[in-house]
Each structure stands twice: as C-alpha cells, then as structure tokens.
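Notes follow once the structure below has been shown.
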Amino acid sequence: MQDDSFDQDVVNLIASCRSLLALEAMSGVDHYLNHGEPEMAFEGLLIELMKANRLPESFHSIHWEQMARSAGLIDEGGVFDYEIWNKFSVWYADR
C-alpha cells in the first residue's frame with residue numbers, strides 16, 4: 001500500500017499524459033486508478049505511452065524512476081509485464 005503522496009503523483013502523471021493518449025487507452029489506466037490501484041494505473045500508463053510512442057513534455061526520467069521504484073516495478077516487477085520498467089527505460093533511451 002502506497003502513501004497519499006504516491007497516489008497524488010500518479011494522478012498528476014496521468015493528467016499530464018491524458019491528452020497524449022486515446023480515450024480507450026486511458027480507460028484502462030483510469031479503471032485501476034478509480035479502484036484504488038495506483039501502482040497498476042502507473043504500469044498501465046507506461047505501457048500505453050510506449051504503444052503510442054509519446055511522452056509528456058513534463059517528463060523527467062529521475063522522477064519517473066522514483067515512481068517506478070515506489071510502485072515496485074523495479075524491484076518486484078510489474079503485474080501486466082514483469083519487465084515493464086526495463087522495457088520502458090530502453091524505449092525511452094532509444095527515443
């Protein structure tokens with residue numbers, strides 16, 4: 001269980017990406033966020049951003065890495081994709 005600051009950071013990241021992604025892509029992200037699963041919402045957001053090949057202008061890799069660590073994506077792996085953070089990092093570096 002994450003603290004309120006993590007939850008708010010996820011909400012803010014999702015808001016910064018909303019205009020970059022299709023409504024259908026955001027519906028899955030929103031589903032997990034609305035059901036109290038910010039870690040899964042964050043992971044879903046990473047997946048959808050890679051699919052769309054987009055990042056928000058406010059993207060700061062260090063902050064996103066901290067978020068990934070807080071969500072357990074670095075040490076424990078993702079729920080949808082165990083290697084999600086590694087894949088996202090490679091994708092971002094190749095942009």
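Just so you know, all these numbers are worked out from the coordinates, no wet-lab data involved. Only a predicted model underlies this, so the values are computations on that prediction, with no experimental measurement involved. Methodologically, a virtual Cβ is constructed for each residue, glycine included, from the backbone with ideal geometry; neighbour enumeration extends over all protein chains shown.
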What about residue 27, is it surrounded by fewer than 15 Cβ atoms within 10 Å (Cβ to Cβ) and either over 23 Å from residue 93 (Cα atoms) or of a type in the set (D, E, K, R) (or both)?
yes
For the subset of the range 76-95 comprising residues that are over 18 Å from residue 53 (Cα atoms) and among the small types (Gly, Ala, Ser), which member is surrounded by the most Cβ atoms within 10 Å (Cβ to Cβ)?
78
Checked the range 64-83 for anything touching a residue at least 40 places away in the same chain (Cβ under 8 Å) and either at positive phi or assigned to a helix (DSSP H, G or I) (or both); matches are 64, 67, 70
Considering only residues that are in contact (Cβ under 8 Å) with a residue 40 or more places away in the chain, in a helix (DSSP H, G or I) and among the small types (Gly, Ala, Ser), which ones fall in the range 14-58?
16
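Within the range 31-52, restricting attention to residues that are among the charged types (D, E, K, R) and farther than 20 Å from residue 76 by Cβ, which residue is surrounded by the fewest Cβ atoms within 10 Å (Cβ to Cβ)?
51
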